[in-house]
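Read through the structure below, which is laid out as structure tokens, and then see the notes.
Derivation of every value follows stated rules applied to the coordinates shown; laboratory data play no part. Values in this document were obtained by computation on a predicted structure and should not be read as measured data. Please note: Cβ atoms are built from the backbone with ideal geometry, for glycine as well, and neighbour counts cover all protein chains shown.
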Amino acid sequence: MTKVEIQEKILKLRLELSEHNHSYYVLDSPVISDYDFDLLLRELQELENANPEFADPNSPSKRVGGEITKNFENVAHKYPMLSLSNTYSKEELEDFIKRISKMVPEEMEFVCELKYDGAAIGISYKNGAFERALTRGDGSKGDDISANVKTISSIPLKLKGDSFPDEFEIRGEIFMLLEGFKKLNESRIEEGLETFANPRNTASGTLKMQDSSAVASRSLDSFLYYVFSENEIADNHYDSILKVKDWGFKIPPPEKRYIQKAKNIDEIFDFINYWDENRHKLPFEIDGIVIKVNDYIQQQRLGSTAKSPRWAISYQFKAEEVSTQLEKVSYQVGRTGAITPVANLDPVLLAGTTVKRASLHNADQIEKLDLRVGDFVFVEKGGEIIPKVTGVDLSKRNPDFPIFQYAETCPECETPLIRKEGEAKHYCPNTKTCPPQVSGLIQHFISRKAMDIEGLGGETVELLVNAGLIKDYSDLYRLTKEELLPLDRMAEKSAQNIIDGIEKSKEIPFQRVLFGLGIRYVGETVAKKLALHFETMERLLEASLEELLTVDEIGQRIAESFTEFFSVEENKQLINRLIDAGLQMEVLKQEGVSSALEGLKIVISGSFEKYSRTELKDLIEKHGGKNTGSVSAKTDLIVAGEGMGPSKRKKAEDLGVKIIDENQFAEMIA
Ligand code: IVH
């Protein structure tokens, strides 16, 4: 292909991919399969990488992230980012309407919208292209989080059509979908990490992450709710919102009643009542309704105070809270021994479900609430997976209730609990015989991402533990079919499947064995890093804290947890039993594979004679390196070919990043 043909191809692919993005994320009606989309995207990425002179910061390839922002630049808002005044009752809302009716005596039309519970964003567009995205900050200045916002697929990077003003700003809310929030927390539980409290904080925290590819992996979405432009788009808010839909923005769909015009207070209340009842069916959280005066001239006449516009107001839903009696506090013991206190309540109806239990998080939380058994407590349902106790109704407190005493021993095995300095939770240190820890750990060991033992499930593990047939995961490798058969509902075939599955797991690669051990803070990625770095269990066992700390992304907490695990004699014996059973205890060396590039973040730029770009990328991965998209201070190495862009070269030189050619690369991996 000639350069002109390449450029044309790149532009065509970008257009095609933007269209598909729009169909999928904004219109919710995909035209091609995910697989075909990936093929097109990969084709574009390869062409862009080989032809850096055609780079475009708004290419659909930016959706996957990769850019690292060290410090978010603080930038002044062109239009101050105001907040809304709140009302909490229908009377207050009526007062608002009366108040503004005095200032605008003629008839007013309103627009009712959902109040999305996320983080506010202001995105500016110039000549139809995404320019910058700012957080609200203090309202006059916000942080530039463009790289992160660009990974949110429902936000257009190039606008459709040609009817948009040259410059304008659009405001909206970025939030996390409930399904994605749930999945994120589930995977954190699996990795032994603390879960996130609610989708709102997770969304705003995610937007401030430094690595945009991490942002791309979280399910953020957006709705846009206001447009600022020097040249008016329409003469009212509602029509402007509908108009921006044509340019590719995701707007609240009127057909789902996410946005609706209202002529009077009765119609506003209709909307409020509908959503008060139905909000839990939404795939995201809302915390109220926003009511806006529709007409722009009327909006102008009403104006704004320093803090909020006078033409809009929010109606906050009452936090769904009920009061009920605390019958007792029980304790849950997690796989890692972490203790979670749980309030056992007199059953009560809350947000459509009967609630019997609510989370109390930890001992500090109970102390802060000054909770006592027998108290009437307020229970609230937020974004959390289970409801939480938010306070005590002191008016109903019986002064004879004794001060609450937190458990001193494990409810399952009676071992005295410990609480490490700086940690919020108590732990049961008895990893060896505390039943939920024993079966939890074995269940983790056999899970899909670890040893993936087919045929064996959580229930069978519990049966095996309860029958005394296994005490730890190494015992699995001594199990016989005859021992399995007497178990409840165990047929010949399923017993054989289990035995076969256990046998097959001996082929599982070392990094997954390491993950399966269930060492606190050693998740899938950490296990992989450690395995590839040390290569064998033998060397890992010998590694000192200092050596562990030299591995990329291994911090003090992980390193300490690791050395602590291996300092225990019983754990050493456990590992020996796994070695004897024949599990993989070293990284399998494949042909042509080394760790020559271990941990190096490498950018390839330009085109090469010896290798295609895909080959080069594969080689980098095979030799332990990591392919990254753009040059930053974190880049370790650039493999430069024909046609590396001058700006990239300059950036690399300014940052002092080493640049090598393909021959030097070949030597490195030889
Ligand atoms: S209008 C000048 N509409 O609520 C216009 N805000 O303090 C002011 N919010 O953090 C905002 N949904 O980000 C508007 N449909 C909606 C909204 C909404 C959520 C957020 C906004 C801000 C807070 C108001």
When the Debye formula is applied to the Cα atoms of region 78-120, each taken as the same point scatterer, what base-10 log of I(q)/I(0) results at q = 0.23 Å⁻¹? -1.05
Is there a quick way to get the dipole size of the chain? I mean about its Cα centre, with the Cβ of Lys and Arg at +1 and of Asp and Glu at -1; what is the value in debye to the nearest 20? 840
Positive dipole terminus of region 286-400, leading residue within SER314, VAL377, GLY337 (C-beta point charges): SER314
Zone reached by a paramagnetic label modelled 7 Å from THR353 Cα along Cα→Cβ, restricted to region 110-147 with backbone N below 15 Å, covers none
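Once R0 is set to 45 Å, what does the formula 1/(1 + (r/R0)^6) return for the Cβ-Cβ distance between LYS70 and ASP235, expressed as a FRET efficiency to the nearest 0.05? Walk me through the numbers before you get to the answer.
Values: r = 44 Å, r/R0 = 0.98.
Here the calculated transfer efficiency is 0.55.
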Convex hull volume of the Cα atoms in region 1-82, per residue, in Å³? 157
Rounded, prolate or oblate: which one fits region 92-201, using the alpha carbon gyration tensor with axes a ≥ b ≥ c (rounded when a/c is under 1.5, else prolate when a/b beats b/c, else oblate)? oblate
Hey, fewest Cβ within 10 Å first, where do CYS112, CYS428 land in order? CYS112, CYS428
Given the convex hull of the Cα atoms of region 226-384, what is a quarter of its surface area in nm²? 14.3
Taking only C-alpha pairs under 8 Å that are 6+ residues apart, what is the relative contact order of region 1-105 in percent? 22
log10 of Debye I(q)/I(0), alpha-carbon scatterers only, for region 41-140 at 0.10 Å⁻¹: -0.55
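Hey, what did region 28-164 get for relative contact order, percent, Cα under 8 Å, at least 6 apart?
30
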For the chain, just list the percent of Cα-Cα distances falling in each 20 Å bin from zero outward, please. 15, 40, 36, 10, 0
Where a ≥ b ≥ c are root eigenvalues of the Cα gyration tensor, a/c under 1.5 meaning rounded, otherwise prolate if a/b exceeds b/c and oblate otherwise, region 486-573 counts as prolate
Over the Cα atoms of region 170-303, how large are the radius of gyration and the largest Cα-Cα distance (Dmax), in Å? 17.8, 56
Compare the Cα positions of THR151, LEU224, GLN365 along the charge dipole of the chain (+1 at Cβ of Lys, Arg; -1 at Cβ of Asp, Glu; about the Cα centre) and return the one farthest towards the positive end. LEU224
What distance in nm lies between label points placed 7 Å from Cα along the C-beta direction at TYR79 and ALA424? 3.8
Run the simple label-point estimate for GLU507 and PHE317 please: 7 Å along Cα→C-beta, distance reported in nm. 5.1
Please report the antiparallel percentage of the DSSP beta bridges confined to the chain, to the nearest 5. 85
In nm, the gap between the two label points placed 7 Å beyond Cα toward Cβ at ARG577 and ASP452 is 2.5
Any GluC sites (Glu not before Pro) in region 203-312 that lie in a DSSP loop and have at most 13 other Cβ atoms within 10 Å would be GLU230, GLU232
Please give the contour-minus-distance gain from LEU545 to GLU408: 0.36 nm per residue of separation, less the Cα-Cα distance, rounded to one decimal in nm. 46.2 nm
For the cross-link pairs LYS126/LYS610; LYS626/LYS650; LYS307/LYS381; LYS318/LYS356; LYS307/LYS356; LYS78/LYS183, which exceed 32 Å when the distance is taken from alpha carbon to alpha carbon? LYS126/LYS610; LYS307/LYS356; LYS78/LYS183
Within region 272-310, backbone nitrogen closer than 13 Å to the virtual label 7 Å beyond the Cα of ILE97 toward Cβ: 272-273, 291-293
Ranked highest first by average number of other Cβ atoms within 10 Å, how do 499-512, 542-555 line up? 499-512, 542-555
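Placing +1 at every Lys and Arg Cβ and -1 at every Asp and Glu Cβ, with all other atoms neutral, what dipole size does region 243-301 have around its Cα centre, in debye to the nearest 20?
So the dipole magnitude of region 243-301 works out to roughly 320 debye.
First measure r as the distance between the Cβ atoms of GLU598 and ASP393, then evaluate 1/(1 + (r/R0)^6) with R0 = 60 Å and state the FRET efficiency to the nearest 0.05.
Computed FRET efficiency for GLU598 and ASP393: 0.55.
Starting from 0.36 nm per residue, how many nanometres of slack lie between GLU524 and LYS243 once their C-alpha separation is accounted for?
Fully extending the segment from GLU524 to LYS243 adds 96.6 nm.
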Give the residue list of trypsin sites (Lys or Arg not before Pro) in region 182-261 that are DSSP loop and have at most 16 other beta-carbon atoms within 10 angstrom. LYS208, ARG257
Sequence-distant lysines (8 or more away, or on other chains) whose Cα lies within less than 17 Å of LYS504: LYS449, LYS481, LYS493
Which one of MET451, VAL293, SER59 has its Cα pushed farthest toward the positive end of the charge dipole of the chain, where Lys and Arg give +1 and Asp and Glu give -1 at the Cβ? VAL293
Between ASN273 and ILE297, what length in nm is gained on full extension when 0.36 nm per residue of separation is reduced by their alpha carbon distance? 5.7 nm
Every cysteine in the chain with no other Cys Cβ under 4.7 Å from its Cβ, please list them in numeric order. CYS112
Relative contact order, percent, of the chain when contacts are C-alpha pairs under 8 Å separated by at least 6 residues? 11
How big is the charge dipole of region 77-161 about its Cα centre, in debye rounded to the nearest 20, if each Lys and Arg gets +1 on its Cβ and each Asp and Glu gets -1 on its Cβ? 560
